[in-house]
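Step one of this worksheet: look at the structure below.
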Amino acid sequence: MVRRQQAADRAVRPKLRSPGHPKYQRHVEAAFWTEIAKGLLAEEAAAVVGVAPAVATRWYRQCGGMRPFDPKPPSGRYLSFREREEIALLKAQGKGVREIARDVGRDPGTISRELRRNAATRAGRRDYRASVAQWKADMAARRPKAAKLVANPRLHAYVQERLSGQISTPCGRAIAGPATGNWTGRNKPHRADRAWVQAWSPEQIANRIKLEFPDDESMRISHEAIYQALYIQGRGALKRELILCLRTGRALRAPRARSRRKTWAHVTPEALISERPAEVEDRAVPGHWEGDLIIGLERSAIGTVVERSTRFTMLVGTIPRTKNGPALAGYGAISMKNALANTMSTLPEQLRRSVTWDRGKEMSAHTQFRIETGIPVFFADPHSPWQRGTNENTNGLPRQYFPKGTDLSRWSAEDIEAVAHALNTRPRKTLGWKTPAEALNEQVLLLQQACVATTG
(Lines give C-alpha, C1' and ligand atoms only; values in the text may rest on other atoms or scores of the structure.)
Protein backbone atom coordinates (compact mmCIF):
# COMPACT_ATOMS: atom_id res chain seq x y z
CA MET A 1 0.00 0.00 0.00
CA VAL A 2 2.79 2.38 0.93
CA ARG A 3 4.67 1.59 -2.28
CA ARG A 4 1.62 2.31 -4.41
CA GLN A 5 1.15 5.66 -2.67
CA GLN A 6 4.79 6.58 -3.21
CA ALA A 7 4.59 5.56 -6.86
CA ALA A 8 1.45 7.65 -7.24
CA ASP A 9 3.24 10.63 -5.72
CA ARG A 10 6.12 10.25 -8.17
CA ALA A 11 3.68 10.03 -11.06
CA VAL A 12 2.01 13.29 -10.07
CA ARG A 13 5.15 15.43 -10.22
CA PRO A 14 8.79 14.99 -11.27
CA LYS A 15 11.60 14.58 -8.78
CA LEU A 16 12.64 17.89 -7.24
CA ARG A 17 16.25 18.94 -7.06
CA SER A 18 17.96 19.12 -3.69
CA PRO A 19 16.55 22.07 -1.75
CA GLY A 20 19.88 23.08 -0.26
CA HIS A 21 19.50 26.00 2.10
CA PRO A 22 15.77 26.74 2.48
CA LYS A 23 14.83 30.06 0.92
CA TYR A 24 12.82 32.81 2.52
CA GLN A 25 9.11 32.13 2.48
CA ARG A 26 6.98 33.64 -0.24
CA HIS A 27 5.06 35.84 2.18
CA VAL A 28 8.36 37.42 3.25
CA GLU A 29 9.21 38.27 -0.37
CA ALA A 30 5.66 39.57 -0.88
CA ALA A 31 6.04 41.83 2.18
CA PHE A 32 9.38 43.05 0.82
CA TRP A 33 7.87 44.08 -2.53
CA THR A 34 4.98 45.75 -0.72
CA GLU A 35 7.47 47.95 1.13
CA ILE A 36 9.30 48.68 -2.13
CA ALA A 37 5.99 49.80 -3.69
CA LYS A 38 5.62 52.27 -0.79
CA GLY A 39 8.83 53.97 -1.94
CA LEU A 40 11.35 52.44 0.47
CA LEU A 41 14.88 51.61 -0.61
CA ALA A 42 15.92 47.95 -0.69
CA GLU A 43 17.97 48.29 2.51
CA GLU A 44 15.08 50.01 4.30
CA ALA A 45 12.59 47.34 3.16
CA ALA A 46 15.02 44.66 4.35
CA ALA A 47 14.96 46.11 7.87
CA VAL A 48 11.15 46.17 7.87
CA VAL A 49 10.64 42.53 6.82
CA GLY A 50 13.67 41.18 8.71
CA VAL A 51 16.01 39.95 5.97
CA ALA A 52 19.67 40.69 5.33
CA PRO A 53 20.37 43.83 3.25
CA ALA A 54 22.43 41.75 0.80
CA VAL A 55 19.46 39.43 0.22
CA ALA A 56 17.09 42.34 -0.32
CA THR A 57 19.49 44.00 -2.74
CA ARG A 58 19.79 40.74 -4.70
CA TRP A 59 16.00 40.40 -4.91
CA TYR A 60 15.69 43.99 -6.11
CA ARG A 61 18.43 43.76 -8.74
CA GLN A 62 17.45 40.35 -10.13
CA CYS A 63 13.94 41.62 -10.77
CA GLY A 64 15.03 45.01 -12.07
CA GLY A 65 13.05 46.77 -9.35
CA MET A 66 9.74 45.16 -10.42
CA ARG A 67 7.54 42.80 -8.40
CA PRO A 68 8.04 39.34 -9.96
CA PHE A 69 4.78 37.69 -8.86
CA ASP A 70 1.17 38.36 -7.93
CA PRO A 71 1.03 39.73 -4.37
CA LYS A 72 -2.29 38.04 -3.55
CA PRO A 73 -1.87 35.46 -0.75
CA PRO A 74 -2.69 31.81 -1.54
CA SER A 75 -6.19 30.59 -0.81
CA GLY A 76 -7.01 28.47 2.24
CA ARG A 77 -7.29 25.41 0.02
CA TYR A 78 -3.57 24.73 0.44
CA LEU A 79 -1.54 24.23 3.58
CA SER A 80 0.11 27.40 4.88
CA PHE A 81 3.55 27.68 6.41
CA ARG A 82 2.00 28.13 9.84
CA GLU A 83 0.09 24.86 9.43
CA ARG A 84 3.25 23.10 8.30
CA GLU A 85 5.05 24.34 11.42
CA GLU A 86 2.24 22.92 13.54
CA ILE A 87 2.42 19.61 11.67
CA ALA A 88 6.20 19.46 12.26
CA LEU A 89 5.75 20.06 16.01
CA LEU A 90 3.02 17.42 16.34
CA LYS A 91 5.05 14.94 14.28
CA ALA A 92 8.06 15.51 16.55
CA GLN A 93 5.83 14.73 19.53
CA GLY A 94 5.13 11.30 18.02
CA LYS A 95 1.48 11.86 17.15
CA GLY A 96 -0.16 9.88 14.34
CA VAL A 97 -1.63 11.13 11.09
CA ARG A 98 -5.27 11.19 12.24
CA GLU A 99 -4.43 12.92 15.52
CA ILE A 100 -2.43 15.55 13.66
CA ALA A 101 -5.32 16.00 11.20
CA ARG A 102 -7.77 16.62 14.05
CA ASP A 103 -5.48 19.18 15.71
CA VAL A 104 -4.74 21.04 12.48
CA GLY A 105 -8.30 20.81 11.14
CA ARG A 106 -7.41 19.04 7.90
CA ASP A 107 -8.33 15.76 6.26
CA PRO A 108 -6.11 12.81 7.25
CA GLY A 109 -5.36 12.20 3.56
CA THR A 110 -3.99 15.73 3.26
CA ILE A 111 -1.65 15.20 6.22
CA SER A 112 -0.55 11.79 4.92
CA ARG A 113 0.33 13.18 1.48
CA GLU A 114 2.10 16.15 3.05
CA LEU A 115 4.33 13.93 5.21
CA ARG A 116 5.22 11.72 2.24
CA ARG A 117 5.67 14.32 -0.48
CA ASN A 118 7.39 17.16 1.31
CA ALA A 119 9.60 15.34 3.82
CA ALA A 120 13.28 16.23 3.95
CA THR A 121 15.33 13.28 2.67
CA ARG A 122 18.81 14.73 2.42
CA ALA A 123 20.00 13.22 5.72
CA GLY A 124 19.16 9.69 4.48
CA ARG A 125 15.93 9.49 6.42
CA ARG A 126 12.50 11.04 6.01
CA ASP A 127 12.33 13.93 8.46
CA TYR A 128 9.59 16.51 8.24
CA ARG A 129 10.71 20.12 8.58
CA ALA A 130 8.36 23.00 7.92
CA SER A 131 10.85 25.17 6.03
CA VAL A 132 11.87 22.40 3.63
CA ALA A 133 8.26 21.30 3.19
CA GLN A 134 7.18 24.83 2.29
CA TRP A 135 10.06 25.14 -0.20
CA LYS A 136 9.07 21.86 -1.88
CA ALA A 137 5.42 22.87 -1.99
CA ASP A 138 6.30 26.23 -3.60
CA MET A 139 8.48 24.52 -6.19
CA ALA A 140 5.75 22.01 -7.06
CA ALA A 141 3.07 24.69 -7.24
CA ARG A 142 4.91 26.76 -9.83
CA ARG A 143 3.14 26.85 -13.17
CA PRO A 144 5.40 29.08 -15.25
CA LYS A 145 3.51 30.60 -18.12
CA ALA A 146 5.45 31.34 -21.28
CA ALA A 147 5.83 35.06 -21.86
CA LYS A 148 3.82 36.42 -24.77
CA LEU A 149 6.95 37.59 -26.54
CA VAL A 150 8.40 34.07 -26.30
CA ALA A 151 5.30 32.35 -27.64
CA ASN A 152 4.84 34.77 -30.54
CA PRO A 153 8.08 35.23 -32.59
CA ARG A 154 6.39 37.73 -34.91
CA LEU A 155 5.40 39.94 -32.00
CA HIS A 156 8.87 39.54 -30.50
CA ALA A 157 10.51 40.69 -33.74
CA TYR A 158 8.20 43.73 -33.97
CA VAL A 159 8.93 44.86 -30.40
CA GLN A 160 12.67 44.29 -30.67
CA GLU A 161 12.89 46.14 -33.99
CA ARG A 162 11.13 49.21 -32.52
CA LEU A 163 13.39 49.12 -29.48
CA SER A 164 16.80 48.41 -30.97
CA GLY A 165 16.41 48.70 -34.74
CA GLN A 166 18.92 50.82 -36.62
CA ILE A 167 18.02 54.35 -37.65
CA SER A 168 18.25 55.28 -41.31
CA THR A 169 18.15 58.25 -43.63
CA PRO A 170 14.92 59.15 -45.48
CA CYS A 171 16.25 57.26 -48.50
CA GLY A 172 16.68 54.10 -46.41
CA ARG A 173 20.44 54.02 -45.83
CA ALA A 174 21.27 52.66 -42.38
CA ILE A 175 23.34 54.86 -40.06
CA ALA A 176 25.57 52.99 -37.61
CA GLY A 177 26.12 55.82 -35.13
CA PRO A 178 28.95 55.87 -32.55
CA ALA A 179 30.68 52.75 -31.26
CA THR A 180 29.57 51.79 -27.75
CA GLY A 181 31.01 49.50 -25.10
CA ASN A 182 29.42 46.37 -23.70
CA TRP A 183 26.64 46.73 -21.18
CA THR A 184 27.95 46.20 -17.64
CA GLY A 185 24.64 46.01 -15.81
CA ARG A 186 25.20 49.42 -14.25
CA ASN A 187 22.62 52.16 -14.16
CA LYS A 188 22.11 54.65 -16.98
CA PRO A 189 25.42 55.67 -18.59
CA HIS A 190 26.84 59.10 -17.90
CA ARG A 191 29.04 61.05 -20.32
CA ALA A 192 29.29 58.14 -22.74
CA ASP A 193 28.08 57.49 -26.27
CA ARG A 194 24.84 55.55 -26.59
CA ALA A 195 23.68 53.43 -29.48
CA TRP A 196 21.70 55.20 -32.20
CA VAL A 197 18.57 53.05 -32.38
CA GLN A 198 14.88 53.63 -33.01
CA ALA A 199 14.30 53.65 -29.25
CA TRP A 200 10.50 53.63 -29.19
CA SER A 201 9.10 53.63 -25.70
CA PRO A 202 7.05 50.57 -24.60
CA GLU A 203 3.94 52.77 -24.52
CA GLN A 204 4.54 53.91 -28.10
CA ILE A 205 5.02 50.29 -29.23
CA ALA A 206 1.92 49.02 -27.42
CA ASN A 207 -0.34 51.68 -28.95
CA ARG A 208 1.18 51.87 -32.43
CA ILE A 209 0.86 48.12 -32.98
CA LYS A 210 -2.93 48.45 -32.77
CA LEU A 211 -2.90 50.87 -35.71
CA GLU A 212 -0.56 48.77 -37.84
CA PHE A 213 -2.39 45.46 -37.16
CA PRO A 214 -6.02 46.45 -36.52
CA ASP A 215 -7.44 43.00 -37.38
CA ASP A 216 -4.73 40.78 -35.89
CA GLU A 217 -5.49 40.15 -32.22
CA SER A 218 -2.30 38.11 -31.82
CA MET A 219 -0.30 41.32 -32.35
CA ARG A 220 -1.25 42.89 -29.05
CA ILE A 221 0.89 43.55 -25.99
CA SER A 222 0.75 45.98 -23.11
CA HIS A 223 3.57 48.35 -22.28
CA GLU A 224 3.84 46.78 -18.82
CA ALA A 225 4.50 43.36 -20.39
CA ILE A 226 7.36 44.88 -22.38
CA TYR A 227 8.84 46.43 -19.23
CA GLN A 228 8.60 43.07 -17.44
CA ALA A 229 10.31 41.32 -20.35
CA LEU A 230 13.14 43.85 -20.14
CA TYR A 231 13.67 44.08 -16.40
CA ILE A 232 12.75 40.72 -14.84
CA GLN A 233 15.40 38.06 -15.34
CA GLY A 234 14.27 34.61 -16.43
CA ARG A 235 11.44 35.74 -18.68
CA GLY A 236 13.52 34.73 -21.70
CA ALA A 237 11.87 37.26 -23.98
CA LEU A 238 14.12 40.31 -24.39
CA LYS A 239 17.77 40.67 -23.51
CA ARG A 240 18.38 42.75 -20.41
CA GLU A 241 20.86 45.04 -22.18
CA LEU A 242 18.02 46.36 -24.35
CA ILE A 243 17.09 48.65 -21.46
CA LEU A 244 19.80 50.94 -22.89
CA CYS A 245 17.39 51.55 -25.78
CA LEU A 246 14.97 53.21 -23.37
CA ARG A 247 15.29 56.95 -22.97
CA THR A 248 16.44 56.77 -19.33
CA GLY A 249 18.61 53.68 -19.74
CA ARG A 250 17.96 52.69 -16.12
CA ALA A 251 19.18 49.25 -15.13
CA LEU A 252 16.62 49.21 -12.31
CA ARG A 253 13.06 50.43 -12.48
CA ALA A 254 12.23 52.86 -9.67
CA PRO A 255 8.77 52.59 -8.06
CA ARG A 256 6.55 55.61 -8.60
CA ALA A 257 6.14 56.10 -4.86
CA ARG A 258 9.89 56.65 -4.52
CA SER A 259 9.63 59.89 -6.50
CA ARG A 260 7.32 61.19 -3.77
CA ARG A 261 9.85 60.60 -1.02
CA LYS A 262 10.76 63.69 0.96
CA THR A 263 13.92 65.00 -0.67
CA TRP A 264 15.42 66.53 2.47
CA ALA A 265 14.14 64.11 5.07
CA HIS A 266 17.58 64.07 6.73
CA VAL A 267 17.30 67.79 7.59
CA THR A 268 15.77 67.73 11.07
CA PRO A 269 14.24 70.86 12.67
CA GLU A 270 17.18 71.34 15.06
CA ALA A 271 19.61 71.24 12.11
CA LEU A 272 18.07 74.20 10.22
CA ILE A 273 20.32 77.19 9.65
CA SER A 274 17.89 79.35 11.63
CA GLU A 275 18.96 77.38 14.74
CA ARG A 276 22.63 78.21 14.21
CA PRO A 277 24.22 80.42 16.93
CA ALA A 278 24.12 84.16 16.22
CA GLU A 279 27.90 84.46 16.74
CA VAL A 280 28.46 82.74 13.38
CA GLU A 281 27.24 85.72 11.37
CA ASP A 282 29.86 88.34 12.29
CA ARG A 283 32.86 85.97 11.89
CA ALA A 284 34.33 87.27 15.15
CA VAL A 285 34.48 83.85 16.80
CA PRO A 286 36.62 81.25 15.00
CA GLY A 287 35.69 77.60 14.69
CA HIS A 288 32.61 77.83 12.51
CA TRP A 289 32.99 76.02 9.17
CA GLU A 290 31.12 75.73 5.89
CA GLY A 291 31.30 72.60 3.72
CA ASP A 292 30.27 71.09 0.42
CA LEU A 293 31.46 68.60 -2.21
CA ILE A 294 33.12 69.07 -5.56
CA ILE A 295 32.00 66.21 -7.81
CA GLY A 296 34.02 64.27 -10.36
CA LEU A 297 33.47 61.34 -12.69
CA GLU A 298 32.72 57.77 -11.56
CA ARG A 299 30.95 59.00 -8.40
CA SER A 300 34.21 60.47 -7.09
CA ALA A 301 34.18 63.53 -4.87
CA ILE A 302 36.34 65.70 -2.62
CA GLY A 303 34.88 67.56 0.32
CA THR A 304 35.79 71.18 0.97
CA VAL A 305 35.52 72.63 4.48
CA VAL A 306 36.29 76.35 4.99
CA GLU A 307 36.62 78.24 8.27
CA ARG A 308 34.51 81.41 8.09
CA SER A 309 36.83 83.91 9.83
CA THR A 310 40.26 82.79 8.54
CA ARG A 311 39.24 81.18 5.20
CA PHE A 312 41.41 78.20 6.14
CA THR A 313 40.48 75.33 3.81
CA MET A 314 40.61 71.59 4.45
CA LEU A 315 40.06 69.06 1.66
CA VAL A 316 38.37 65.79 2.55
CA GLY A 317 39.16 62.86 0.28
CA THR A 318 36.23 60.43 0.49
CA ILE A 319 36.40 56.65 0.09
CA PRO A 320 36.57 55.69 -3.62
CA ARG A 321 33.90 53.42 -5.01
CA THR A 322 35.15 49.83 -5.19
CA LYS A 323 33.66 46.69 -6.68
CA ASN A 324 31.80 44.68 -4.03
CA GLY A 325 32.67 47.42 -1.55
CA PRO A 326 30.37 49.08 1.00
CA ALA A 327 26.91 50.03 -0.26
CA LEU A 328 27.47 53.68 0.62
CA ALA A 329 30.87 54.09 -1.00
CA GLY A 330 31.75 57.06 -3.19
CA TYR A 331 30.31 60.19 -1.59
CA GLY A 332 27.70 58.28 0.44
CA ALA A 333 26.63 59.26 3.92
CA ILE A 334 28.71 56.77 5.90
CA SER A 335 31.97 57.34 4.03
CA MET A 336 31.44 61.13 4.15
CA LYS A 337 30.77 61.04 7.90
CA ASN A 338 33.90 59.01 8.59
CA ALA A 339 36.14 61.08 6.33
CA LEU A 340 34.88 64.40 7.72
CA ALA A 341 35.18 63.18 11.31
CA ASN A 342 38.79 62.12 10.73
CA THR A 343 39.62 65.50 9.19
CA MET A 344 37.92 67.63 11.86
CA SER A 345 39.47 65.62 14.70
CA THR A 346 42.88 67.13 13.81
CA LEU A 347 41.72 70.56 14.98
CA PRO A 348 41.78 71.94 18.55
CA GLU A 349 38.47 71.64 20.33
CA GLN A 350 37.99 75.45 20.34
CA LEU A 351 38.06 75.45 16.53
CA ARG A 352 35.32 72.83 16.18
CA ARG A 353 32.18 74.81 16.97
CA SER A 354 29.84 74.09 14.04
CA VAL A 355 29.60 73.06 10.38
CA THR A 356 27.13 74.52 7.88
CA TRP A 357 26.46 72.24 4.91
CA ASP A 358 24.48 72.17 1.72
CA ARG A 359 21.36 69.97 1.68
CA GLY A 360 23.06 67.08 -0.10
CA LYS A 361 22.31 63.52 1.01
CA GLU A 362 26.02 62.94 1.61
CA MET A 363 25.53 64.46 5.09
CA SER A 364 22.40 62.48 5.98
CA ALA A 365 24.43 60.81 8.76
CA HIS A 366 24.91 64.16 10.50
CA THR A 367 23.32 62.90 13.72
CA GLN A 368 25.94 60.17 14.11
CA PHE A 369 28.61 62.71 13.15
CA ARG A 370 27.51 65.02 15.96
CA ILE A 371 27.48 62.16 18.48
CA GLU A 372 30.99 61.04 17.50
CA THR A 373 32.64 64.47 17.24
CA GLY A 374 30.44 66.82 19.25
CA ILE A 375 30.22 69.19 16.26
CA PRO A 376 26.67 70.30 15.37
CA VAL A 377 25.76 70.36 11.68
CA PHE A 378 23.39 72.97 10.25
CA PHE A 379 21.86 72.94 6.76
CA ALA A 380 21.24 75.93 4.53
CA ASP A 381 17.77 76.69 3.25
CA PRO A 382 16.73 75.20 -0.13
CA HIS A 383 18.18 77.01 -3.14
CA SER A 384 20.08 79.46 -0.92
CA PRO A 385 23.80 79.09 -1.71
CA TRP A 386 24.54 82.60 -0.41
CA GLN A 387 23.99 81.30 3.12
CA ARG A 388 27.25 79.42 2.61
CA GLY A 389 28.94 82.12 0.57
CA THR A 390 32.43 81.53 1.98
CA ASN A 391 32.38 77.92 0.87
CA GLU A 392 30.79 78.69 -2.49
CA ASN A 393 33.51 81.20 -3.31
CA THR A 394 36.27 78.92 -2.09
CA ASN A 395 35.09 75.96 -4.18
CA GLY A 396 36.35 77.72 -7.30
CA LEU A 397 39.94 77.57 -6.03
CA PRO A 398 40.44 73.76 -5.87
CA ARG A 399 38.78 73.48 -9.28
CA GLN A 400 42.03 74.84 -10.69
CA TYR A 401 43.58 71.54 -9.63
CA PHE A 402 40.51 69.30 -9.90
CA PRO A 403 38.62 70.41 -13.06
CA LYS A 404 35.05 69.36 -13.75
CA GLY A 405 34.65 66.20 -15.80
CA THR A 406 37.72 64.45 -14.31
CA ASP A 407 38.02 61.43 -12.03
CA LEU A 408 38.89 62.69 -8.56
CA SER A 409 39.45 59.24 -7.05
CA ARG A 410 42.84 58.92 -8.76
CA TRP A 411 44.44 61.40 -6.33
CA SER A 412 46.01 60.12 -3.13
CA ALA A 413 45.61 61.66 0.31
CA GLU A 414 49.10 63.16 -0.05
CA ASP A 415 48.13 64.81 -3.34
CA ILE A 416 44.97 66.32 -1.82
CA GLU A 417 46.93 67.52 1.21
CA ALA A 418 49.42 69.27 -1.08
CA VAL A 419 46.62 71.13 -2.88
CA ALA A 420 45.12 72.21 0.46
CA HIS A 421 48.54 73.47 1.58
CA ALA A 422 48.88 75.49 -1.64
CA LEU A 423 45.48 77.11 -1.07
CA ASN A 424 46.23 77.93 2.57
CA THR A 425 49.60 79.55 1.81
CA ARG A 426 48.23 81.96 -0.81
CA PRO A 427 47.77 85.56 0.45
CA ARG A 428 44.14 86.68 0.53
CA LYS A 429 42.92 90.24 0.03
CA THR A 430 40.08 89.77 2.54
CA LEU A 431 42.69 88.90 5.21
CA GLY A 432 44.85 91.96 4.55
CA TRP A 433 47.14 89.89 2.34
CA LYS A 434 47.82 87.38 5.06
CA THR A 435 47.53 83.70 4.21
CA PRO A 436 44.75 81.55 5.71
CA ALA A 437 47.41 79.47 7.48
CA GLU A 438 48.84 82.61 9.16
CA ALA A 439 45.36 83.80 10.16
CA LEU A 440 44.53 80.41 11.68
CA ASN A 441 47.82 80.30 13.59
CA GLU A 442 47.03 83.71 15.08
CA GLN A 443 43.66 82.42 16.26
CA VAL A 444 45.26 79.33 17.79
CA LEU A 445 47.81 81.50 19.67
CA LEU A 446 45.04 83.74 21.00
CA LEU A 447 43.10 80.71 22.21
CA GLN A 448 46.19 79.30 23.94
CA GLN A 449 46.90 82.63 25.68
CA ALA A 450 43.27 82.82 26.82
CA CYS A 451 43.54 79.32 28.27
CA VAL A 452 46.77 80.16 30.09
CA ALA A 453 45.24 83.37 31.52
CA THR A 454 42.18 81.47 32.71
CA THR A 455 44.14 78.68 34.43
CA GLY A 456 46.66 81.14 35.91
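Here are some notes:
- For region 363-375, a tally of residues being under 22 Å from L347 (Cβ atoms) and open to solvent by 20 Å² or more (accessible area, probe 1.4 Å) returns 7.
- Residue that is at pLDDT below 90 and either in contact with a Cys (Cβ under 6 Å, 6 or more places away or on another chain) or within 30 Å of L447 (Cα to Cα) (or both), where the choices are M336, M344: M336
- A single member of A31, A101, A46, A56 is without any contact (Cβ under 8 Å) to a residue 24 or more places away in the chain, surrounded by 15 or more Cβ atoms within 10 Å (Cβ to Cβ), under 24 Å from R240 (Cβ atoms) and in contact with a helix residue (DSSP H, G or I) (Cβ under 7 Å, 6 or more places away or on another chain), and it is A46.
- The combined condition, being assigned to a loop (DSSP other than H, G, I, E, B) and among the charged types (D, E, K, R), is not fulfilled by R113.
- Residue that is modelled with pLDDT of 85 or more, over 30 Å from A206 (Cβ atoms) and touching an Asp or Glu at 6+ places or on another chain (Cβ under 9 Å), where the choices are R116, R102, R82: R116
- Scanning region 381-404 for residues that are in contact (Cβ under 8 Å) with a residue 12 or more places away in the chain and aromatic (F, W, Y), we see that the one that is surrounded by the fewest Cβ atoms within 10 Å (Cβ to Cβ) is Y401.
- Residues located in region 234-253, provided they are more than 27 Å from A179 (Cβ to Cβ) and exposed (fewer than 14 other Cβ atoms within 10 Å of the Cβ): G234, G236
- When residues of region 261-305 are limited to those that are part of a strand (DSSP E or B) and at pLDDT below 90, the one least open to solvent (accessible area, probe 1.4 Å): A301
- Residues within region 88-98 that are open to solvent by 70 Å² or more (accessible area, probe 1.4 Å) and either under 19 Å from G76 (Cα atoms) or not in a helix (DSSP H, G or I) (or both), tallied: 1
- Residues (among the hydroxyl-bearing types (S, T, Y), open to solvent by less than 30 Å² (accessible area, probe 1.4 Å) and assigned to a helix (DSSP H, G or I)) located in region 128-185: Y158
The values are calculated or read from the model by the stated rules, or taken from the named source; none is laboratory data. These figures come from a predicted structure and were not determined experimentally. Note: ideal-geometry Cβ built from the backbone for every residue, glycine included; neighbour counts use all protein chains shown. Calculation scope for accessible area: heavy atoms of the full protein, side chains included, ligands and nucleic acids excluded. Shrake-Rupley method; radii C 1.70, N 1.55, O 1.52, S 1.80 Å.
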